[in-house]
Amino acid sequence: MKVLWICNTMLPIVASELDEPESNKEGWLSGLCDTILAKHNENNIELHVAFPVRKELAGMSGTVAVEPELQAGGTLNDHNLRTLFYHTFYEDVIHAETTDEGLEARMRNIIEEVNPDLIHCFGTEYAHTYAAAKCAKDRKRLIIGMQGLCSVIANAYMANLPVGLSKSFTFRDVVKLDTLKLQQKKYVMRGIRERAAVKLAGNIIGRTAFDRYYAKQWNAKAGYYTLNETLRSCFYEGEWNPENAEAHTIFVSQGDYPLRGLHYLLIAAGRLKDHYPDIRIRVGGNTITSYDNVKDRIKLSTYGKYLRRLIADHRLTGRVEFTGMLTAEEMKREYLRAGLFICCSSNENSPNSLGEAMILGVPCIAANVGGVPSIFTDKVDGISYKGYKENDSSVDLDYVVNNLAEAICNMWDNPEKLPEYSKNARKHAMKTHDRARNYEKLMDIYSFVVETNSQ
């Protein structure tokens, strides 16, 4: 079976081959790719991967020899090396709300070159999914994987921010045409294209009750299949140990735009710092609050400026640290050193960071928004709190912050519960992100879609 994946980012193994920087985005794709290639003798799949690149690399096709993960005692030789086929196209992913001229033609060329038995688009956030859907020769053999749901997330993008903040802007925002209002508008525009792509698909893959609801709303005729995600390989090894963790250090995986809800956590931490004098927050991803020199000040965004104000107003200076971009192994070390992981987003489908923390057994707190309840059970895997709720004026900033602060207190004031939460979360995530089970389910989906739509 010849399968064409259309992805939002270059797989690390291809990046290494092309001597390009590796992206940490959607790292679970690497885990799934490894499994498919390692089990090539069973599935007989020829895997092609297409992804956006800068203009200089566009239009390339090539192969990478992959060394699959070997079982204990296994040996590597020419017979178990696997070939991954890759295809590149240009797309301005920085301005993902736009559609580049020539994108549809390039997607058509890739599809004609590969002539796949099945096309699987991972995500609906970018224009290439809609372009591929329009170019697919047989849409009954087109699968679209639901990920972020831009259409819905747009409504929560600036949840509980101060009223005047949406009208504010910095020098950086003006130059980049990237004010908070424009950021939200970009999600709205991407959402329009997202719904159009889903309407064209013969098949949809999702993983939560949240995305299933919208999939059926947008395309009731498409087949819907539930498939959980496979995490990056390193997260299946190792386990959180309270003796090696910093008791009152909180880790959040991202905080560089409002949807991730870092403002909730900063305000909550400000209210709790007298009760927990050693409270610390470590934030993965881009550092957006730097103000050390002229360049930093020029690059400061409105949201970064707001976070700086919260840090100062709540006397958190020296207690909040942005780590910068992290590799998978570096992320793992952050989880294991933390006393608590928090997912405080105003809306999410199924955050992989929560799955990574759970599978390592890190004590977790998560807002009960979007698809989170499908992967995280309150009072079993950790503590879930009532987060932002669209069109409910009673769910204001104080309401959410108070719920988050209460959840943190419940976690830290009852340390005897931490081992139970850790054990349960790890067990749940091991099932949700079971590589063998998810691989088998995906193969079943692929076989069913191809066989039932054979000419």
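The values are calculated or read from the model by the stated rules, or taken from the named source; none is laboratory data. In this text, all values refer to a predicted model and were calculated from it rather than measured experimentally. We place every Cβ from the backbone using ideal geometry, glycine too, and count neighbours over all the protein chains shown.
Laid out as a table, the results:
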{"quantity": "Residue tally, condition touching a Phe, Trp or Tyr at 6+ places or on another chain (Cβ under 9 Å), farther than 25 Å from GLU243 by Cβ and not hydroxyl-bearing (Ser, Thr, Tyr), over segment 352-378", "calculated": "9"}
{"quantity": "Odd one out for TYR257, checked against (1) in the same structural domain as GLN147 (by TED's automatic domain parsing); (2) farther than 19 Å from ILE375 by Cβ", "calculated": "(1)"}
{"quantity": "Test: residue in segment 390-411 that is part of a helix (DSSP H, G or I), more than 16 Å from ALA367 (Cβ to Cβ) and of a type in the set (D, E, K, R)", "calculated": "no"}
{"quantity": "Which numbered condition ILE375 fails, given (1) surrounded by fewer than 19 Cβ atoms within 10 Å (Cβ to Cβ); (2) under 28 Å from PRO258 (Cβ atoms); (3) at pLDDT 95 or above", "calculated": "(1)"}
{"quantity": "Within segment 151-167, considering residues that are part of a helix (DSSP H, G or I) and touching an Asp or Glu at 6+ places or on another chain (Cβ under 7 Å), the one surrounded by the fewest Cβ atoms within 10 Å (Cβ to Cβ)", "calculated": "ASN155"}
{"quantity": "Any helices (runs of 4 or more DSSP H) falling wholly within segment 238-313 and containing at least 2 residues that are touching a strand residue (DSSP E or B) at 6+ places or on another chain (Cβ under 9 Å)", "calculated": "262-272, 302-313"}
{"quantity": "Subset of segment 106-131 [in a helix (DSSP H, G or I), more than 20 Å from GLY62 (Cβ to Cβ) and more than 21 Å from the chain's Cα centre (by Cα)]", "calculated": "ALA131"}
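Rundown of residues vs (1) surrounded by 14 or more Cβ atoms within 10 Å (Cβ to Cβ); (2) of a type outside the set (A, V, I, L, M), yes/no style:
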residue: LEU29; (1), (2): yes, no
residue: ILE36; (1), (2): yes, no
residue: HIS40; (1), (2): yes, yes
residue: VAL49; (1), (2): yes, no
residue: VAL53; (1), (2): yes, no
residue: GLU56; (1), (2): no, yes
residue: THR63; (1), (2): no, yes
